[in-house]
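Below is one structure, written out as structure tokens; the observations come after it.
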Amino acid sequence: MRVHVVSDVHGNAEDLAKAGEGADALICLGDLVLFLDYADHSRGIFPDLFGVENADRLVELRTARRFDEARDLGRRLWAELDVDRETAIEAAVRRQYAELFAAFPAPTYATYGNVDIPRLWKEYAGPGTTVLDGQRVELGGLTFGFVGGGLRTPMRTPYEISDEEYAAKVEALGDVDVLCSHIPPDVPELTYDTVARRFERGSRALLDAIRRTRPRYSLFGHVHQPLARRMRIAATECVNVGHFASTGRPFALEW
């Protein structure tokens, strides 16, 4: 059995269409939407609406962790644009989802990232795509558990939830062979982004579940340039499957 795993697609539909080649199934760990490309500030919903110069400024503020100033900039730009914010963003996200979900091979098993909008997925997921969040599926004799979304941060991305709600989804999985999530377990080497120079939020509930249930693998994304891409916690191999938007390469799991 061979399964390909991707995360942090961020608009890369071209490579996503090829990600399942040679595999029995594709797993996607979320963040399909591209709001702003931190490597190329001309790409994404934000620069399409407000231009590259404003995107440069927003990245500068966020990278410096000046989140209040970043939000003030956003409020000013939206006021100047004089359109309904939610309507404009949803329209842009829908355009991206239409292209990205059409690129999924069959079968695909997917969960949400923190920048995704879960309520829209059911409109775009075709019959070959199974969406899972706090749920399990068996593939080739192994049990895969899925936990979508992220934890609350000053970034205030669309699908951030409380630690308690997230922990309840982890608990609902029980024992699994492969623990699939968008965010990593709360381990410094796995949560630190070496380019952004900051710790992203990892989950203590995931870490506790790994130590308690000892799955074969913990697979995740979210941190684009991690200090460590993989490490072992007790019996579990923890793997950041990569920033697919930039690499275009899936992680292959064979058994």
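The values are calculated or read from the model by the stated rules, or taken from the named source; none is laboratory data. Just so it is clear, the structure is predicted and the values come from calculations on it, not from any experiment. Because the Cβ atoms are built from the backbone with ideal geometry, glycine has one as well, and the counts that use them run over all protein chains shown. Calculation scope for accessible area: heavy atoms of the full protein, side chains included, ligands and nucleic acids excluded. Shrake-Rupley method; radii C 1.70, N 1.55, O 1.52, S 1.80 Å.
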(Q) Please pick out the residue among F104, F35 that is touching a strand residue (DSSP E or B) at 6+ places or on another chain (Cβ under 7 Å) and open to solvent by 10 Å² or more (accessible area, probe 1.4 Å). (A) F104
(Q) Would you confirm, using the coordinates I've provided, whether D116 is open to solvent by 40 Å² or more (accessible area, probe 1.4 Å) and either within 19 Å of R156 (Cα to Cα) or in contact with a helix residue (DSSP H, G or I) (Cβ under 9 Å, 6 or more places away or on another chain) (or both)? (A) no
Q. Filtering segment 227-248 down to residues that are in contact (Cβ under 8 Å) with a residue 24 or more places away in the chain and assigned to a loop (DSSP other than H, G, I, E, B), which residue is surrounded by the most Cβ atoms within 10 Å (Cβ to Cβ)?
A. V241
(Q) If E123 satisfies all but one of (1) among the charged types (D, E, K, R); (2) crowded, with 18+ Cβ neighbours inside 10 Å; (3) free of Cβ contacts under 8 Å to residues at least 60 places away in the same chain, what's the number of the condition it fails? (A) (2)
(Q) Whether any residue in segment 55-63 is more than 23 Å from A106 (Cα to Cα) and touching a strand residue (DSSP E or B) at 6+ places or on another chain (Cβ under 9 Å) is what I want to check. (A) yes
Q.
Among the listed residues A70, A79, A98, identify the single one that is at pLDDT 95 or above and either open to solvent by less than 60 Å² (accessible area, probe 1.4 Å) or out of contact with any Leu (no Cβ under 8 Å at 6 or more places or on another chain) (or both).
A. A98
Q | Residues of segment 85-95 satisfying the condition of being among the acidic types (D, E) and either crowded, with 18+ Cβ neighbours inside 10 Å or touching a helix residue (DSSP H, G or I) at 6+ places or on another chain (Cβ under 9 Å) (or both) | A | E90
Q. When the residues of segment 151-170 are filtered to those that are among the charged types (D, E, K, R) and over 30 Å from R2 (Cβ atoms), which remaining residue is least open to solvent (accessible area, probe 1.4 Å)?
A. E160
Q) (1) assigned to a helix (DSSP H, G or I); (2) under 24 Å from E90 (Cβ atoms); (3) charged (D, E, K, R); (4) open to solvent by 70 Å² or more (accessible area, probe 1.4 Å): which one isn't true of R43, the others all being true? A) (1)
Q) Looking at segment 126-139, which of its residues are of a type outside the set (K, R) and either open to solvent by 30 Å² or more (accessible area, probe 1.4 Å) or more than 17 Å from E160 (Cα to Cα) (or both)? A) G126, P127, G128, T129, T130, V131, D133, Q135, V137, E138, L139
**Q.** Filtered residues of segment 46-70 (kept if touching a residue at least 24 places away in the same chain (Cβ under 8 Å) and outside any loop (DSSP other than H, G, I, E, B))
**A.** D48, L49, F50, R62, T63, F67
Q) Of the residues that sit in segment 171-183 and are under 15 Å from D133 (Cα atoms) and without any contact (Cβ under 8 Å) to a residue 60 or more places away in the chain, which one is surrounded by the most Cβ atoms within 10 Å (Cβ to Cβ)? A) L179
